[in-house]
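Q: Below is a structure I'd like to ask you about.
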Amino acid sequence: MREPAGVLDAGVVLRRLDSNRPGHAGLVALFNQSTTGRRTLSISAVNLAEVLTLSGRLASSTGVDLSQLLTAWNIAVHQPDLDTARRVAALASVDGLSLADRFAAATAQQLHARLYTTDRALATASMKRRIPVSRI
């Protein structure tokens, strides 16, 4: 049985990369579901840019190509369209959310997917807007 679709924020991917972080084992299981085709996982191109920016040291010190790693994990990159941009703009009034946070939430809305996040403010704002969310 296929599990519901999910959208990842940057913090989830970064936590998956660091085995010393809390929640890592659960993220390994989540990402394995994507790898085996039991769950569809996506990340907004905006959040992917955030991951690539924040993981620059890891990539340079280990030689790991994060875009290749996401491909291996079968994580789709969602290209924001006009509808997603409108959803992002509608979230602009929410205090405490960065532009990248709003893209993660809007992408989950757009794809009718559960949002996976490490961010408390994003999780709270998403719940208030009836976006299914799991805070890792």
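The values are calculated or read from the model by the stated rules, or taken from the named source; none is laboratory data. Keep in mind the model is a prediction, meaning the values are calculated, not measured. Glycine gets a Cβ as well: all are built from the backbone with ideal geometry, and neighbour counts include every protein chain shown.
Q: Looking only at the range 1-28, which residues are hydrophobic (A, V, I, L, M, F, W, C) and more than 15 Å from the chain's Cα centre (by Cα)?
A: Applying the first criterion (hydrophobic (A, V, I, L, M, F, W, C)) to the range 1-28 yields 1, 5, 7-8, 10, 12-14, 17, 25, 27-28.
Answer for the range 1-28, where residues must be hydrophobic (A, V, I, L, M, F, W, C) and more than 15 Å from the chain's Cα centre (by Cα): M1, A25.
Q: Okay, next question. Just give me the residues in the range 30-54 being outside any helix (DSSP H, G or I) and over 15 Å from the mean Cα position of the chain (by Cα), in sequence order. Break it down into steps so the answer makes sense when it comes.
A: If we filter the range 30-54 for residues that are outside any helix (DSSP H, G or I), which is where we start, we get 36-44.
Passing the criteria: T36, G37, R38.
Q: Looking at (1) more than 15 Å from the chain's Cα centre (by Cα); (2) small (G, A, S); (3) within 17 Å of V7 (Cα to Cα); (4) in a helix (DSSP H, G or I), find the lone condition where A89 falls short.
A: Here A89 clears every test but (3).
Q: May I ask you to say which residue of A100, A113, A125 is in contact (Cβ under 8 Å) with a residue 40 or more places away in the chain and farther than 23 Å from D18 by Cα?
A: Values: A100 fails: farther than 23 Å from D18 by Cα; A125 fails: in contact (Cβ under 8 Å) with a residue 40 or more places away in the chain.
Checking each option against the conditions leaves just A113.
Q: Still on this structure, please answer the following. Hey, M127 hits all of (1) modelled with pLDDT under 95; (2) within 20 Å of A5 (Cα to Cα); (3) in a helix (DSSP H, G or I) but one; which does it fall short on?
A: Condition not satisfied by M127: (1).
Q: Can you list residue pairs whose Cβ atoms sit under 8 Å apart, with the first residue in the range 23-37 being within 11 Å of I75 (Cα to Cα) and the second being among the acidic types (D, E) and surrounded by 13 or more Cβ atoms within 10 Å (Cβ to Cβ)? Count only pairs 6 or more apart in sequence or on different chains.
A: Qualifying pairs under 8 Å: Q33/E3.
Q: Of the conditions (1) in a helix (DSSP H, G or I); (2) loosely packed, with under 12 Cβ neighbours inside 10 Å, L27 fails just one. Which one is it?
A: Evaluating L27 over (1) in a helix (DSSP H, G or I); (2) loosely packed, with under 12 Cβ neighbours inside 10 Å leaves (2) as the failure.
Q: Go over the candidates A45, A85, A72 one by one and state the one that is within 19 Å of F103 (Cβ to Cβ) and touching a residue at least 24 places away in the same chain (Cβ under 8 Å). If you could, list the steps in order and put the result at the bottom.
A: Numbers: A85 fails: touching a residue at least 24 places away in the same chain (Cβ under 8 Å); A72 fails: within 19 Å of F103 (Cβ to Cβ).
Of A45, A85, A72, the one residue that is within 19 Å of F103 (Cβ to Cβ) and touching a residue at least 24 places away in the same chain (Cβ under 8 Å) is A45.
Q: Kindly evaluate R57 against the criterion of being assigned to a loop (DSSP other than H, G, I, E, B) and more than 12 Å from the chain's Cα centre (by Cα).
A: Values: assigned to a loop (DSSP other than H, G, I, E, B): no; more than 12 Å from the chain's Cα centre (by Cα): yes.
It is false that R57 is assigned to a loop (DSSP other than H, G, I, E, B) and more than 12 Å from the chain's Cα centre (by Cα).
Q: Kindly check whether there is at least one residue in the range 30-51 that is surrounded by 14 or more Cβ atoms within 10 Å (Cβ to Cβ), modelled with pLDDT under 90 and polar (S, T, N, Q).
A: For the range 30-51, residues surrounded by 14 or more Cβ atoms within 10 Å (Cβ to Cβ), modelled with pLDDT under 90 and polar (S, T, N, Q): absent.
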